[in-house]
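The values are calculated or read from the model by the stated rules, or taken from the named source; none is laboratory data. What you see is a predicted model, and the numbers here were worked out from it, not measured in a lab. Cβ sites come from the backbone with ideal geometry, for glycine too, and all protein chains shown count toward neighbours. These area figures cover heavy atoms from the full protein model, side chains too; ligands, DNA and RNA do not enter into them. Shrake-Rupley method; radii C 1.70, N 1.55, O 1.52, S 1.80 Å.
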Amino acid sequence: MLGAINSVIRCVIGVLMAKKESIYRQVEAEIKSVTEGEGNTIANMASISCLLNMAFDDFFWVGFYLVDPDIEDELVVGPYQGTLGCLRISYNRGVCGAAAKTGKTQIVDNVHEFTGHIACDSNTNSEIVVPVHNKVGRLIAVLDIDSTQFSTFDHIDKLWLEKIVNMVFKK
């Protein structure tokens with residue numbers, strides 16, 4: 001009996017993962033179509049934020065924090081879709097700061113358990129933050145996506161979001 005239940009659970013998870021990949025495949029094509037030939041970073045970030053936000057029901061806040069050229073190790077809010085975001089984030093604070101500081105994508109299943117988490121919106125329960133580098137490899141921003149659900153993000157999100165930001169900003 002337990003084996004049958006586990007098989008059903010694995011099947012359901014497989015279907016959900018396939019659906020997520022299908023959505024990413026579609027939104028990647030849309031982002032490529034919209035951003036191809038557009039050299040303005042802010043315009044591209046605004047388009048990516050909009051299209052990702054529209055594609056996924058579980059995405060509560062989607063946007064970019066830009067590296068502030070005037071203040072060392074600090075991010076400033078950029079184009080986004082969602083509720084009011086934090087205006088500034090130090091590299092030493094929060095999930096966005098950790099991604100900027102380490103240069104690595106951060107996936108947090110429960111932000112309330114993340115040491116130093118910044119509660120820009122108390123409805124956020126899970127988060128993924130992807131560092132964004134330009135074509136010479138310099139960090140220019142982080143892509144921050146929040147969900148009201150716990151454990152929304154996984155390796156599939158990481159793979160596709162990294163692919164999307166690299167496609168647009170490393171060209």
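Miscellaneous remarks
- I140 meets the stated requirement of being in contact with a His (Cβ under 8 Å, 6 or more places away or on another chain), of a type outside the set (D, E) and more than 26 Å from K20 (Cβ to Cβ).
- Residues that are of a type in the set (S, T, N, Q) and either within 18 Å of F59 (Cβ to Cβ) or at pLDDT below 95 (or both) within region 15-37 comprise S22, Q26, listed in sequence order.
- Count of residues meeting criterion [within 12 Å of the chain's Cα centre (by Cα), farther than 21 Å from V77 by Cα and either buried (at least 22 other Cβ atoms within 10 Å of the Cβ) or of a type in the set (G, A, S) (or both)] in region 36-59: 0
- Residue match in region 133-144 (condition: among the acidic types (D, E), outside any helix (DSSP H, G or I) and more than 25 Å from K171 (Cα to Cα)): no
- Pairs linking a residue in region 79-108 that is under 17 Å from C120 (Cα atoms) and of a type in the set (K, R) to a residue that is open to solvent by less than 20 Å² (accessible area, probe 1.4 Å) and modelled with pLDDT of 95 or more, with Cβ atoms under 7 Å and 6 or more positions apart or on different chains, are R88/L75.
- In region 132-143, the residue that is farthest from G63 (Cα to Cα) out of those that are open to solvent by 10 Å² or more (accessible area, probe 1.4 Å) and either of a type outside the set (K, R) or in contact with a Lys or Arg (Cβ under 8 Å, 6 or more places away or on another chain) (or both) is V136.
- Checked against the criterion of being over 19 Å from M54 (Cα atoms) and surrounded by 15 or more Cβ atoms within 10 Å (Cβ to Cβ), the candidates N125, N166 yield just one match: N125.
- One residue stands out among those in region 20-35 that are in contact (Cβ under 8 Å) with a residue 60 or more places away in the chain and acidic (D, E): the one that is surrounded by the fewest Cβ atoms within 10 Å (Cβ to Cβ), which is E21.
- Test set (1) small (G, A, S); (2) more than 20 Å from P79 (Cα to Cα); (3) open to solvent by less than 30 Å² (accessible area, probe 1.4 Å) - S151 fails condition number: (3)
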